[in-house]
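First the structure, in the form of structure tokens, and then the observations on it.
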């Protein structure tokens, strides 16, 4: 049956998972991995995009609102952070991040308004506005880029309490701390009544309303928090991964990638955001390595990279057909098969069913 | 129903006055008035398409009648939406099940506690003592409901995987969790076998007896209606053709005609 809470609302399993993950993130990884490549090309973008994917989870996986435009909110957060750092030099970096998130959240509420009237694919089209409007606004008004004409602005150094974090490993630690904190908050919210209200709206809005949930509040809250997470993720993405600010980096392709992360990872799960982000980010790298190792010299490199795209696309389709609930669900099934705890509960449920 | 009740039937709690509802040219409800008394079990019966569900949807705020007014506990329900009606103390179940299919049984019932949970998202995110206490207390309430409905073994199963009869039970559980003053039950026993129906009746009577919850239920099974309801409203073609205690309604000629059909001359 269900685990009894060990600490606050966390079960024994939660605490164990948390300890293992923290040990991995803050002890094993920094001690074991020395090459900058791993930090700056894999771990940092993975964590940043996973954070944005959590934002996408809120609005799509939990609240069931088909929104597309996460990269727009990331751009808002990135440029907000740049401008805060630029114009208010005494502002501590964590606070800059917080305000960047809040500014993105304001955009989230604004672009979430269509969700009160339209749904499904139409909402997706309506939310694309955030993608195009925010990028357009940053390009149109020079103030946001501090009238820089080169098009690419270098991000400021991250300075926290007088110490600057410039090496890839240091930047990784900054990102890991922020992502850890925001993930814990996300888990708390999604397990608590915030997440339940969102899921109720997702599964049956009229019943949710009849239970006293205000659809307006629940939907706009999901959009605001989603944009907050995307905004912080965008700021981290620009400051630690890109190390520069350019609106092109936050184009529609990135929005789609975040959408795919959530779908592939598993809708309505927080770990799905991490799994999906890892999959979308690493899979092309794996395919590339495998392709080069097997077919090197035999086939033209351009054809290999084209085949990669085809395989990637095909896998996504196969995956969606056979496991629409995502990799997180596969993982859960595997776990329950290994430890065979869940089947007992389900057998009991089956027994309750009337025979006819 | 002859022995003394914990909550004797009182004055009107809900007053429906002259409401009319039409969809385009189709009249669903025409100039209908009736009163529901405090703590009673009131059945609404009538042939298919008589406007029973539309009537519940009007009370619940899903439909807005073009004419007339509805007042609950002396307060006119004006410019309403389902979530405002819920806040006034009316909860409901739906004819075709409106559960949160991908959520577990316990989570479905917990959503029913929505109006008893006031912590905002920041308190929940940071797990403040008030938020954790609130969560724990409401979970305990829901566990009691799970126990009451005897569905402990499925508490963590996603509702979408459950058979129909159990889903109906969960939906009743969710409505009970609201602790509303009045429950609107839209065919709570549809599609159930005799045994399941008997069980459901027991739950309804028990809740009414122990908590004094006023119940308005739509039901097709005449046996059930005659057994558990204090008063019956009969609707036909969007109009009330009879309103009174079950015995009186059963012998009413208009009701017999509506159900059995009669040659109109």
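The values are calculated or read from the model by the stated rules, or taken from the named source; none is laboratory data. Computed from a predicted structure; not experimentally measured. Neighbour counts are summed over all protein chains in view; Cβ atoms, including those assigned to glycine, are modelled from backbone coordinates with ideal geometry.
Determine whether region A:265-276 contains at least one residue that is assigned to a loop (DSSP other than H, G, I, E, B), buried (at least 20 other Cβ atoms within 10 Å of the Cβ), touching a helix residue (DSSP H, G or I) at 6+ places or on another chain (Cβ under 9 Å) and at the interface with chain B (Cβ under 10 Å from one of its Cβ atoms). Yes: region A:265-276 contains one or more residues that are assigned to a loop (DSSP other than H, G, I, E, B), buried (at least 20 other Cβ atoms within 10 Å of the Cβ), touching a helix residue (DSSP H, G or I) at 6+ places or on another chain (Cβ under 9 Å) and at the interface with chain B (Cβ under 10 Å from one of its Cβ atoms).
Listed residues A:245, A:254; which is closer than 17 Å to residue A:76 by Cβ and under 18 Å from the mean Cα position of the chain (by Cα)? Unique residue meeting the criteria: A:254. Select from region A:173-220 the residues that are facing another protein chain (nearest Cβ under 8 Å), more than 18 Å from residue A:269 (Cα to Cα) and out of contact with any strand residue (DSSP E or B) (no Cβ under 8 Å at 6 or more places or on another chain) and list them in ascending order. Residues satisfying the conditions are A:204, A:206, A:207, A:208, A:209, A:212, A:213, A:214, A:215. Give me the residue from region B:144-169 that is in contact (Cβ under 8 Å) with a residue 40 or more places away in the chain, more than 9 Å from chain A (Cβ to nearest Cβ) and touching a helix residue (DSSP H, G or I) at 6+ places or on another chain (Cβ under 9 Å) and, out of that set, farthest from residue A:203 (Cα to Cα). Once the filter is applied, the top-ranked residue is B:148. Does region B:182-196 contain any residue that is within 11 Å of chain A (Cβ to nearest Cβ), assigned to a helix (DSSP H, G or I) and out of contact with any helix residue (DSSP H, G or I) (no Cβ under 7 Å at 6 or more places or on another chain)? Yes, region B:182-196 has at least one match. Residues of region A:152-166 that are surrounded by 12 or more Cβ atoms within 10 Å (Cβ to Cβ) and in contact (Cβ under 8 Å) with a residue 24 or more places away in the chain: A:152, A:153, A:154, A:155, A:156, A:158, A:159, A:160.
Restricting region A:87-97 to residues that are in contact (Cβ under 8 Å) with a residue 24 or more places away in the chain and in contact with a helix residue (DSSP H, G or I) (Cβ under 9 Å, 6 or more places away or on another chain), the residue that is surrounded by the most Cβ atoms within 10 Å (Cβ to Cβ) is A:97. Here region A:168-182 is the region considered, the condition is being farther than 18 Å from residue A:230 by Cβ and free of Cβ contacts under 8 Å to residues at least 24 places away in the same chain, and the residue that is surrounded by the fewest Cβ atoms within 10 Å (Cβ to Cβ) is A:177. Restricting attention to region B:107-143 and to residues that are more than 9 Å from chain A (Cβ to nearest Cβ) and in a loop (DSSP other than H, G, I, E, B), the residue that is nearest to residue A:203 (Cα to Cα) turns out to be B:118.
If the condition is being assigned to a helix (DSSP H, G or I) and either surrounded by fewer than 20 Cβ atoms within 10 Å (Cβ to Cβ) or within 14 Å of another protein chain (Cβ to nearest Cβ) (or both), then region B:208-218 contributes B:209, B:210, B:211.
Set side by side, the residues B:218, B:204, B:228, B:240 differ, and just one is over 13 Å from residue B:40 (Cβ atoms) and in contact with a helix residue (DSSP H, G or I) (Cβ under 8 Å, 6 or more places away or on another chain), which is B:218.
Please verify whether region A:123-143 includes one or more residues that are part of a loop (DSSP other than H, G, I, E, B), in contact with a helix residue (DSSP H, G or I) (Cβ under 9 Å, 6 or more places away or on another chain) and surrounded by 14 or more Cβ atoms within 10 Å (Cβ to Cβ). No, because not a single residue in region A:123-143 is part of a loop (DSSP other than H, G, I, E, B), in contact with a helix residue (DSSP H, G or I) (Cβ under 9 Å, 6 or more places away or on another chain) and surrounded by 14 or more Cβ atoms within 10 Å (Cβ to Cβ). When each of A:249, A:218 is tested for being modelled with pLDDT of 95 or more and assigned to a helix (DSSP H, G or I), the lone residue that passes is A:218. Within region A:186-214, the set of residues being over 30 Å from residue B:186 (Cβ atoms) and surrounded by fewer than 19 Cβ atoms within 10 Å (Cβ to Cβ) comprises A:191 only.
Do the conditions hold for residue A:240, that is, is it farther than 14 Å from residue A:75 by Cβ, touching a strand residue (DSSP E or B) at 6+ places or on another chain (Cβ under 8 Å), more than 12 Å from every other protein chain (Cβ to nearest Cβ) and assigned to a helix (DSSP H, G or I)? So residue A:240 fits the description; yes. Of the listed requirements (1) within 15 Å of the chain's Cα centre (by Cα); (2) crowded, with 20+ Cβ neighbours inside 10 Å, residue B:201 misses just one: (2).
Just one of (1) crowded, with 19+ Cβ neighbours inside 10 Å; (2) within 23 Å of the chain's Cα centre (by Cα) fails for residue B:163. It is (1). State which residue pairs qualify: first residue within 18 Å of residue A:181 (Cβ to Cβ) and inside region A:19-33, second residue exposed (fewer than 14 other Cβ atoms within 10 Å of the Cβ) in any location, beta carbons under 8 Å apart, and separation of 6 or more residues or different chains. Nothing qualifies. Of everything in region B:83-102 that is over 26 Å from residue B:13 (Cβ atoms) and crowded, with 24+ Cβ neighbours inside 10 Å, the residue that is nearest to the other protein chains (Cβ to nearest Cβ) is B:100. Being buried (at least 17 other Cβ atoms within 10 Å of the Cβ), part of a loop (DSSP other than H, G, I, E, B), at negative phi and more than 12 Å from chain A (Cβ to nearest Cβ) is the filter here, so list the residues in region B:44-82 that pass it. Within region B:44-82, B:50, B:65, B:77 qualify.
Take the conditions (1) surrounded by fewer than 23 Cβ atoms within 10 Å (Cβ to Cβ); (2) in contact with a helix residue (DSSP H, G or I) (Cβ under 9 Å, 6 or more places away or on another chain); residue A:286 misses just one of them, which is (2).
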